Amino acid sequence: MMDRYKIPRTKELEFGGPLGAMILIFLMPATVFYLLLTCRTEQASVLNFPPPLPPLSTLWSPHTFLLLLAWVGLQAALYMLPMGKVTEGIVLRDKSRLQYRINAFQAMGVTALVVGAGLAAGLRLSYIYDHFLQLAFSALLLAFGLSFLLYFKSLFAPETTLAPGGNSGNPIYDFFMGHELNPRIGSFDLKYFCELRPGLLGWALVNMAMLVKETELRGSPSLAMLLVNAFQLLYVVDALWNEEAILTTMDIVHDGFGFMLTFGDLAWVPFIYSLQAYFLVNHPQKLSLPMAAGILLLNGVGYCIFRSANSQKNTFRRNPNDPRVTGLKTIPTATGRRLLVSGWWGFVRHPNYLGDLIMALAWSLPCGLTHVLPYFYVFYFTVLLIHREARDEHQCLRKYGLAWQEYCQRVPYRIFPYLY
């Protein structure tokens, strides 16, 4: 009976297959340390390669590793607390639905109280800046360790619980992509927990630490640092407030929980997404009020597109008869679902990605125009979203067939209107 629910072997391999996966397993950590080490230099030039390399022994600190474990442990404890509502995810291949506790926003509030109490007790938040490389190295070790445990666990998982994209039979590829779709320990969903909690909240905490360090060095935070902190905090708060929306994303629905997501959640997000704030500590920038106002407006436009498009999509998915979306045009599909073809989703096929990229630019502009390094996030995120858009397109074409082809004809631009 359960044989028909087995996940078939993954035939279409991404990222260049096993060889590409092997390269990325080494390239992703190397990129993190290359950028952080370059950011610490006076020139902060990406052309100065290699950057000054510290002795490997200085990167390992049991103290910082324990602090990182304490941070993850705190978030895990908050995730398990009986606060917030419990909701169901999408229908899985075996027709079951997993339950998820939605309490990330409340966890953020409790975390803020804990950090505030620590500061009142004399905690030096600038410790994060002073030991940033050690913390990044600890996050790298944690990501590798968890990835190996996840892969080992997946070898004993029922075949119905494997990930559609990580069941190739090649251990390197499946280790990278994630062999099991929703690995759990009891009711504790490891992928769902890591998706928003330790890394995203950690990103906001790192940014705050950079602001504190700049204040210690110069007496007050710069306008550029305040803008970067405010913009990215808004993004984090938005993600946590709309936590339930991630249950329909590709990360949750399709991708297994392997090294790609583990490293991304625990190391890449908190240490690469905070690169602008880290840069500003040693490379202060003066912003005029008109320039700051222009950057503020740009971020506002990006956020409005991002939030409006996502809200429109999520409202329609939950209830197509909601008055806020009943007037939108749609295309029927063979699956019984309908595709939005007006509103933001009639403007471009991925308007949320457009908003994301506009915000990414606004986050980097406070760092000035004399260095390329702070704009790494813009370049990386553009490549990431174009690649993710291609994956989306492939999945939608396979799922909706002719209806998706009609949608593409009616909405020809993917992300950038009149360009792409």
Worksheet entry | Every residue from region 19-37 that is among the aliphatic types (A, V, I, L, M) and under 15 Å from Phe175 (Cα atoms) | Leu19, Ala21, Met22, Ile23, Leu24, Ile25, Met28
Practice prompt. Mind listing whichever residues of region 338-373 are of a type in the set (Ser, Thr, Tyr) and buried (at least 21 other Cβ atoms within 10 Å of the Cβ)?
Written response: Tyr353, Ser364
Worksheet item: Which of the residues belonging to region 185-214 are open to solvent by 10 Å² or more (accessible area, probe 1.4 Å) and among the charged types (D, E, K, R)?
Response: Glu195, Lys213
Worksheet item: Does Pro221 satisfy being part of a loop (DSSP other than H, G, I, E, B), open to solvent by 30 Å² or more (accessible area, probe 1.4 Å) and in contact (Cβ under 8 Å) with a residue 24 or more places away in the chain?
Response: no
Fill in: Of all residues in region 33-78 being surrounded by 14 or more Cβ atoms within 10 Å (Cβ to Cβ) and either touching a Lys or Arg at 6+ places or on another chain (Cβ under 6 Å) or polar (S, T, N, Q) (or both), the one that is nearest to Val114 (Cα to Cα)
Gln75
Worksheet, complete the sentence: For region 28-50, the count of residues that are among the hydroxyl-bearing types (Ser, Thr, Tyr), in contact (Cβ under 8 Å) with a residue 12 or more places away in the chain and assigned to a loop (DSSP other than H, G, I, E, B) equals 1
Discussion item. For a quick check of your reading of the model, give me the residue pairs whose first member lies in region 402-417 and is in a helix (DSSP H, G or I), whose second is surrounded by fewer than 19 Cβ atoms within 10 Å (Cβ to Cβ) and among the polar types (S, T, N, Q), with beta-carbon atoms closer than 7 Å and at least 6 apart or on different chains.
Written reply: Ala403/Thr333
Discussion item. Could you go through region 321-337 and let me know if any residue there is open to solvent by 10 Å² or more (accessible area, probe 1.4 Å), assigned to a helix (DSSP H, G or I) and either closer than 23 Å to Thr382 by Cβ or in contact (Cβ under 8 Å) with a residue 60 or more places away in the chain (or both).
Written reply: no
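The values are calculated or read from the model by the stated rules, or taken from the named source; none is laboratory data. This structure is a prediction, so every number in the text was calculated from the model and none was measured. Note: ideal-geometry Cβ built from the backbone for every residue, glycine included; neighbour counts use all protein chains shown. Each accessible area value is taken on the protein alone, full model and side chains, heavy atoms only, with ligands, DNA and RNA left out. Shrake-Rupley method; radii C 1.70, N 1.55, O 1.52, S 1.80 Å.
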